[in-house]
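Structure record follows, encoded as structure tokens.
FYI, it's all coordinate maths here, none of it is from the lab. From a predicted model like this one, the values you see are computed outputs, not experimental measurements. With ideal geometry, Cβ positions are generated from the backbone for all residues, glycine too; neighbour counts draw on all protein chains shown.
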Amino acid sequence: MCVWECVCAGALRGSASPVSTNRWVWGCTPRRRGGKRCPEAALCCLVSALPPGAAFAMFSCVKPYEDQNYSALKRACLRRKVLFEDPNFPATDDSLYYKGSPGPTVRWKRPKDICEDPRLFVDGISSHDLHQGQVGNCWFVAACSSLASRESLWQKVIPDWKEQEWDPEKPNAYAGIFHFHFWRFGEWVDVVIDDRLPTVNNQLIYCHSSSRNEFWCALVEKAYAKLAGCYQALDGGNTADALVDFTGGVSEPIDLTEGDFANDEAKRNQLFERVLKVHSRGGLISASIKAVTAADMEARLACGLVKGHAYAITDVRKVRLGHGLLAFFKSEKLDMIRLRNPWGEREWNGPWSDTSEEWQKVSKSEREKLGVTVQDDGEFWMTFEDLCRYFTDIIKCRLINTSYLSIHKTWEEARLRGAWTRHEDPLQNRSGGCINHKDTFFQNPQYIFDVKKPEDEVLICIQQRPKQSTRRDGKGENLAIGFDIYKVEENRQYRMHSLQHRAASSIYINSRSVFLRTEQPEGRYVIIPTTFEPGHTGEFLLRVFTDVPSNCRELRLDEPPRTCWSSLCGYPQQVTQVHVLGAAGLKDSPTGANSYVIIKCEGDKVRSAVQKGTSTPEYDVKGVFYRKKPSQPITVQIWNHRVLKDEFLGQVHLKANADDLQAVHTLHLRDRSSRQPSDLPGTVAVRVLSSASLTAV
């Protein structure tokens with residue numbers, strides 16, 4: 001079904017706002033009630049305010065999970081005057097556990113049987129609503145805390161919340177059915193649940209709200225447990241997965257210890273600016289302290305922090321120090337982070353904690369603006385320097401802006417689905433393992449993309465399909481996955497079969513998704529996503545973000561296909577890779593040559609970028625050619641780029657015989673005379689690889 005996506009960046013009233021959900025709206029300042037975001041501060045999605053032709057972008061398709069249509073199911077229940085009972089996630093032990101036996105007797109109860117006057121929201125929605133229950137899913141609760149602070153995001157996860165809210169004036173309009181949206185494996189899914197919740201002694205045993213009659217967090221958790229297979233499957237998960245499932249964004253893990261951010265001030269300042277940018281543009285962030293041993297899990301440190309525990313980062317600020325006008329003239333600011341413990345208690349007790357004397361350095365108005373409270377509610381401030389000193393990991397969930405209507409940077413996204421599959425035929429096998437397994441590595445799926453600027457930032461993420469937990473199979477375990485990126489020939493159209501320059505590589509980890517941000521020069525690249533060990537199978541989603549369209553696509557063929565025209569026009573007899581490294585001694589002008597190289601072979605050609613103002617350019621350009629007439633030489637020409645007409649600087653001819661593996665050759669440039677070519681100033685350095693086997697390169 002298709003739904004409207006209402007989104008808001010919470011910007012100044014009447015200002016045009018970039019939106020992390022790739023839509024454009026007119027911003028509004030949400031009203032507050034009782035310290036919470038008020039759901040009645042409806043998002044200002046006015047189609048009339050959109051630029052012409054942008055209204056179509058407001059639609060987003062959401063797929064019903066397990067083919068359960070919320071509207072049809074609710075209508076059927078109202079017509080029959082019964083409360084919904086979900087047959088796909090029944091109120092039984094199968095929905096609680098995938099292994100082991102339950103402890104105390106669990107009774108499934110509807111909210112009306114737990115309390116009087118049940119509500120989806122009580123006084124709006126806030127990160128203070130949530131408290132972790134008996135299952136070890138602090139990671140999920142931390143993600144929910146972050147979600148609650150983003151009105152534009154929680155209204156996507158909890159769609160048409162007003163229609164789903166209890167209405168005491170219309171009791172017959174309630175059908176005991178709810179639905180929630182999650183982003184799973186490249187698409188938004190609509191998860192339907194009934195309102196029966198697990199209790200012991202009439203108390204919710206899992207995620208619950210501070211208000212006994214508020215149920216939004218318990219119901220969201222139930223829908224998420226249904227996606228995972230059961231509640232127990234949420235024990236010991238990954239915050240990054242929940243952040244992505246709530247937003248459709250891209251998670252980026254940062255190891256604070258490995259980066260030595262606590263001691264490197266320049267790196268720390270740079271990281272803070274990146275964290276601030278993610279937060280200010282609607283992203284979600286969490287932090288944790290790695291637990292090395294089982295005994296470390298949820299061990300409390302002297303500073304009040306807890307190991308092996310996920311904290312939500314709920315605010316990122318540059319806090320102004322000082323009082324009165326002097327504070328503005330001094331303009332002294334401190335990098336600060338606000339975090340929340342999902343337990344709703346046990347806070348940091350170091351500098352800038354709730355009762356810390358450091359707060360005397362900040363004016364009363366500044367403290368009020370920050371919302372500083374002196375109570376053990378699990379939320380606290382600390383400096384970014386202390387965060388880098390005590391925490392070991394940060395996860396940033398970036399909301400990648402792909403809207404052309406935004407005033408912020410717009411990314412181009414390529415999204416492709418693939419799979420690691422096993423086959424006895426090496427040419428059809430697509431499960432070759434990582435580069436450690438050189439004999440099978442190139443049997444993995446391969447994807448090609450172009451960087452079309454002199455240098456561009458590229459974001460790459462692969463995500464494996466989540467596995468649902470069952471009683472028979474237990475908790476679905478992730479494969480260890482990663483990927484390598486290779487710079488290849490400018491005209492490559494077929495799969496790689498030999499190693500080329502590795503431009504970048506990700507870590508290998510048994511995480512649901514792996515992310516890499518890298519800067520790469522202009523050229524063509526191949527991504528090879530792999531499992532760590534060969535023979536493992538599974539589906540994955542590849543997402544590539546670049547500044548300009550990258551023309552990302554899968555390489556399926558190993559060599560040029562044979563067609564009915566092959567007998568008439570001929571079929572390649574040889575493959576040749578030509579790598580032009582650079583040149584020297586080119587004809588000088590007052591500013592040096594602005595040269596480029598062209599490689600020509602049988603009507604195909606590859607051209608390098610212009611190397612400006614040098615007589616010793618480094619081209620580092622490669623071309624691969626499937627040659628039908630191997631006796632014809634390959635030509636390498638060097639040209640000087642000029643405003644009116646480019647100037648020919650010289651050329652060389654390469655024979656490139658099959659199976660002739662040449663080292664680097666430095667050749668003198670010649671002119672184009674067909675009778676008696678003469679030498680011209682300069683040399684060119686070339687490496688050639690040629691073979692009669694078309695899958696040699």
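Quick one: which of 479-485, 563-569 comes out on top by average Cβ neighbours within 10 Å, and what's the full order, highest first?
The most tightly packed comes first, giving 479-485, 563-569.
Treating only the Cβ of Lys, Arg, Asp and Glu as charged (+1, +1, -1, -1), what charge dipole size does region 610-649 show about its Cα centre? Round to the nearest 20 debye.
Computed about the Cα centre, the dipole is about 280 debye.
Any idea what the dipole of the chain comes to, in debye rounded to 20, about its Cα centre with Lys/Arg Cβ at +1 and Asp/Glu Cβ at -1?
1500 debye
Give the label of the value calculated from the structure for Cα extents along the principal axes in Å, choosing from (i) 77, 68, 57; (ii) 100, 67, 58; (iii) 98, 84, 75.
Given (i) 77, 68, 57; (ii) 100, 67, 58; (iii) 98, 84, 75, the calculated one carries the label (ii).
Among Pro521, Asn657, Gln132, which residue has its Cα furthest toward the positive end of the charge dipole of the chain, with +1 on Lys/Arg Cβ and -1 on Asp/Glu Cβ?
My answer, from the dipole projection, is Asn657.
Search the structure for amide H atoms under 5 Å from the amide H of Thr402, placed 1.01 Å from N in the peptide plane, and list their residues when 5 or more places away or on another chain.
Asn22, Trp411
For region 185-194, take each phi angle, set θ = phi - 60°, evaluate the Karplus expression 6.51 cos²θ - 1.76 cosθ + 1.60, and give the result in whole Hz per residue in order, putting x for glycine and proline.
Using θ = phi - 60°, the values come out as 6, x, 8, 7, 10, 9, 9, 9, 9, 8 Hz.
Along the charge dipole of the chain, pointing to its positive end and built from +1/-1 on Cβ of Lys, Arg, Asp and Glu, which listed residue (Gln428, Val575, Pro168) has its Cα farthest out?
Of the options given, the answer is Val575.
In degrees between 0 and 90, to the nearest 10, how far off the longest principal axis of the chain does helix 265-280 point, with axes built from Cα atoms?
Once rounded, the angle reads 70 degrees.
Pull out a ≥ b ≥ c, the square roots of the eigenvalues of the alpha-carbon gyration tensor of region 568-643, then state rounded if a/c is under 1.5, prolate if not and a/b is larger than b/c, and oblate in the remaining case.
Note, shape of region 568-643 comes out prolate.
Order 439-450, 271-282, 188-199, 61-72 from most to least packed using the mean count of other Cβ atoms within 10 Å.
Result, highest mean first: 188-199, 439-450, 271-282, 61-72.
Measure off 7 Å from each Cα along the Cα-to-Cβ vector at Asn491 and Asp439, then give the distance between these two points in nanometres to one decimal.
3.5 nm
Quick one: Karplus J couplings for region 198-204, per residue in order, coefficients 6.51, -1.76, 1.60, θ = phi - 60°, nearest Hz, x for Gly and Pro?
Using θ = phi - 60°, the values come out as x, 9, 10, 6, 6, 10, 4 Hz.
Return one number: the angle in degrees, 0 to 90 and rounded to the nearest 10, between the long axis of the Cα atoms of helix 138-148 and the longest principal axis of the Cα atoms of the chain.
Compared with the principal axis, the helix lies near 90 degrees.
Taking K and R as +1 and D and E as -1, what net charge do the other residues with C-beta under 13 Å from the C-beta of Phe185 add up to?
+4
Is there a quick way to get the dipole size of region 402-450? I mean about its Cα centre, with the Cβ of Lys and Arg at +1 and of Asp and Glu at -1; what is the value in debye to the nearest 20?
160 debye
In nanometres, what is the gap between the two model label sites at Arg417 and Trp565, each 7 Å from Cα along Cα-to-Cβ?
Between Arg417 and Trp565, the label points sit 3.3 nm apart.
May I ask you to compute the full-extension gain from Ala72 to Lys277, defined as 0.36 nm times their residue separation minus their alpha-carbon distance, rounded to one decimal in nm?
Here the answer is 69.6 nm.
Under a 5 Å amide H to amide H cut-off, with H placed in plane at 1.01 Å, what residues pair with Asp393 once short-range neighbours are removed?
Leu256, Ser288, Lys290
Can you tell which of Val220, Ser690, Ser145 lies farthest toward the positive end of the dipole of the chain, using +1 and -1 charges on the Cβ of basic and acidic side chains (Lys, Arg; Asp, Glu)?
Of the candidates, Ser690 comes out farthest on the positive side.
Under the 0.36 nm per residue contour assumption, what length would be gained going from the current alpha-carbon distance of Thr402 and Ser210 to full extension?
Difference between extended and current length: 65.4 nm.
When the Karplus curve 6.51 cos²θ - 1.76 cosθ + 1.60 is applied with θ = phi - 60°, which whole-Hz ³J(HN,Hα) does each residue of region 691-696 get, with x for Gly and Pro?
Couplings: 7, 6, 8, 6, 10, 8 Hz.
By how many degrees, between 0 and 90 and to the nearest 10, does the Cα long axis of helix 70-80 differ from the longest principal axis of the chain?
30 degrees
With the cut-off at 1.5 for a/c, could you classify region 98-224 from its C-alpha gyration tensor as rounded, prolate or oblate?
Rounded shape, in that the Cα axes give a/c under 1.5.
For Tyr494, what is the net charge nearby, where nearby means another residue's Cβ is under 15 Å from its Cβ and Lys, Arg count +1, Asp, Glu -1?
Charge balance near Tyr494 sits at +2.
Longer than 24 Å from Cα to Cα, which of Lys409/Lys622; Lys605/Lys628; Lys605/Lys645; Lys109/Lys226 are they? Say none if no pair is.
Lys409/Lys622
For region 386-434, which GluC sites (Glu not before Pro) pass both filters: DSSP loop (anything but H, G, I, E, B) and at most 14 other C-beta atoms within 10 Å?
Glu424
Modelling each spin label as a point 7 Å along the Cα-to-Cβ direction, I'd like the Lys612/Arg670 distance in nm, to one decimal.
3.4 nm
Mind listing the long-range amide H neighbours of Asp190? Cut-off is under 5 Å, sequence gap 5 or more, other chains count too, H placed in the peptide plane at 1.01 Å from N.
HN-HN under 5 Å from Asp190: Lys63, Tyr65.
Taking the Cβ of Gln573 as the center, what net charge do the other residues with Cβ under 10 Å away carry, scoring Lys and Arg +1 and Asp and Glu -1?
+3
Kindly identify region 497-646 as rounded, prolate or oblate by the Cα gyration tensor criterion: order the square roots of the eigenvalues as a ≥ b ≥ c, call it rounded if a/c is under 1.5, otherwise compare a/b with b/c, prolate if a/b is larger, else oblate.
Numbers: a/c = 2.58, a/b = 1.31, b/c = 1.96.
Verdict is oblate for region 497-646.
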